[in-house]
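Only one structure is covered here, and it is reproduced in the block below.
The values are calculated or read from the model by the stated rules, or taken from the named source; none is laboratory data. These numbers were taken from a predicted model, which means no experiment stands behind them. Here Cβ is always computed from backbone atoms with ideal geometry, including for glycine, and neighbour counts include all displayed protein chains.
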Amino acid sequence: MKEHFEHWMDAYLDGELTDIQIIKYENHLNECEPCQQEYERQLMLKQSLLKVRPIQGTKNADQFLSEIRLQMRASQPKKIGIQRIIWYLVPSALILFFGAMQTYAWVTSLIELIPGANRIIVDSLPFLSNPIEINPWLSTVVQTGLLWNGLNWLLDWNIFTQIFFIFSASILYFVWMALWITNHTTKSNLVEF
Amino acid sequence: MFRDETTGKQLNEPEIIRKAQHGDKDAFCHLVLAYRVAVINIVYRMCANVQVSEDAAQIAFLRVWQHLAEYRHQTSFRAWLFRIAINAALDILRREKPVIALDQIEVSTGNSVDDDVVIKQQQEMIEKAMMKLPEASRIVLVLREFQQLSYQEIADALEIPIGTVMSRLNYARKNLLHALQPLQEEI
């Protein structure tokens, strides 16, 4: 703490100190003459500022309000902003994506348990199988593309990719929540000085 | 106090704000009336021009109406409103740049013209001393002394750290004390 608690004076006058800080400061004030003098001066300044009366404006309240009402008709309030939706959209999308991939993994692993089921599904889904049968190069292109983008793990959703995904999604989710909290709550109380 | 038309119940400020956020114009007008003088005075301390202050206050309230959905109830409504008012004032001041004539600062004592000449002179002196302060320090002082905002609310309104609020307030008070020394000796 600085000598004379110089910065505590304002906070004390403005009622911004904690109970403990008030006791500390008042103890100091009782013993320190320069601080007492400064305190008296600050009190007088506060009293002087009380003499400044608020202006009322040239328009009376009704006129002021009616002018605003007129302009309010022309300007409608904006609905909930896209920014607020995004705050909820990102974590929801992460959870949904994980859910979708997990379901895909369960379904494919169940199918693989049934002998010959793969062939039956491929044959019964002409929309899926035909493009690849007609254009054999398509499969190679898609797989290369996914490999190049680092997304090839999506086709092989196993325990390792699950762990990797949960780990990265958790980090993303917590970072997002931390950002959300800092953005939606007021800052901490008076800093120590 | 604002009453709900359907239930007849008296509403507190957060409830009025919620109603206004749902498009209730009467609830919003209640907020305008509650904060009209405060907003006009904040802007007035920035430009010392009543006309500009009223215009800026009206623009600020319209912006508040348009963006009310974005207001989050965890933060102080006053701080949010004053931030919009200050930004509206700065926009107008940048556009119009009114000349601050310290000799023509309008003073309202609330008394009759013949009364309290001394008080009026003192008030003029204080107002002139305030107008000589740097804008950043002056606005912090105004929010603290005239609107009784907490340091946190000032920090939120001006989007600055609390430490900066404290240093600006300290600077403003020191300068004001120096400028008003003759007045304090009189008292």
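Counting only residues that are at the interface with another protein chain (Cβ under 7 Å from one of its Cβ atoms) and within 18 Å of residue B:90 (Cβ to Cβ), how many does the range B:156-187 have?
The total comes to 1.
In the range B:21-54, which residues are touching a residue at least 24 places away in the same chain (Cβ under 8 Å) and either of a type in the set (S, T, N, Q) or farther than 15 Å from residue A:65 by Cα (or both)?
Of everything in the range B:21-54, those that are touching a residue at least 24 places away in the same chain (Cβ under 8 Å) and either of a type in the set (S, T, N, Q) or farther than 15 Å from residue A:65 by Cα (or both) turn out to be B:21, B:41, B:42, B:43, B:45, B:46, B:47, B:48, B:49, B:50, B:52, B:53.
When you scan the range A:52-67, how many residues do you find that are charged (D, E, K, R) and buried (at least 17 other Cβ atoms within 10 Å of the Cβ)?
1
Residues of the range A:5-34 being within 23 Å of residue B:137 (Cα to Cα) and surrounded by 13 or more Cβ atoms within 10 Å (Cβ to Cβ), which ones?
Matches in the range A:5-34: A:5, A:6, A:7, A:8, A:9, A:10, A:11, A:12, A:13, A:14, A:16, A:17.
Among the candidates A:101, A:1, which residue alone is assigned to a loop (DSSP other than H, G, I, E, B), over 30 Å from residue B:71 (Cβ atoms) and at pLDDT below 80?
None of the other options fit; the residue is A:1.
Give the residue that is nearest to the other protein chains (Cβ to nearest Cβ), with candidates limited to residues of the range B:57-76 that are buried (at least 20 other Cβ atoms within 10 Å of the Cβ) and touching an Asp or Glu at 6+ places or on another chain (Cβ under 8 Å).
The qualifying residue nearest to the other protein chains (Cβ to nearest Cβ) is B:58.
Could you check the range B:158-182 and list, in sequence order, the residues that are surrounded by 21 or more Cβ atoms within 10 Å (Cβ to Cβ) and either outside any helix (DSSP H, G or I) or of a type in the set (S, T, N, Q) (or both)?
Listed by number, the list holds a single entry, B:180.
Quick check on the range B:127-147: of everything there that is under 17 Å from residue A:42 (Cα atoms) and among the basic types (Lys, Arg), which residue is farthest from the other protein chains (Cβ to nearest Cβ)?
B:138
If you go through the range A:72-81 one residue at a time, do you hit one that is modelled with pLDDT under 80, more than 7 Å from chain B (Cβ to nearest Cβ) and either within 30 Å of residue A:171 (Cα to Cα) or part of a helix (DSSP H, G or I) (or both)?
For the range A:72-81, residues modelled with pLDDT under 80, more than 7 Å from chain B (Cβ to nearest Cβ) and either within 30 Å of residue A:171 (Cα to Cα) or part of a helix (DSSP H, G or I) (or both): present.
Kindly indicate whether residue A:158 is surrounded by 12 or more Cβ atoms within 10 Å (Cβ to Cβ) and modelled with pLDDT of 65 or more.
Considered against the rule, which asks whether it is surrounded by 12 or more Cβ atoms within 10 Å (Cβ to Cβ) and modelled with pLDDT of 65 or more, residue A:158 comes out as no.
Select from the range B:77-124 the residues that are over 20 Å from the mean Cα position of the chain (by Cα), at pLDDT below 70 and surrounded by 14 or more Cβ atoms within 10 Å (Cβ to Cβ) and list them in ascending order.
B:116 - this is the single residue of the range B:77-124 that is over 20 Å from the mean Cα position of the chain (by Cα), at pLDDT below 70 and surrounded by 14 or more Cβ atoms within 10 Å (Cβ to Cβ).
Mind checking which residues of the range B:131-157 are surrounded by 19 or more Cβ atoms within 10 Å (Cβ to Cβ), touching a helix residue (DSSP H, G or I) at 6+ places or on another chain (Cβ under 7 Å) and farther than 15 Å from residue A:49 by Cβ?
Scanning the range B:131-157 gives B:151, B:152, B:153, B:154, B:155, B:156, B:157.
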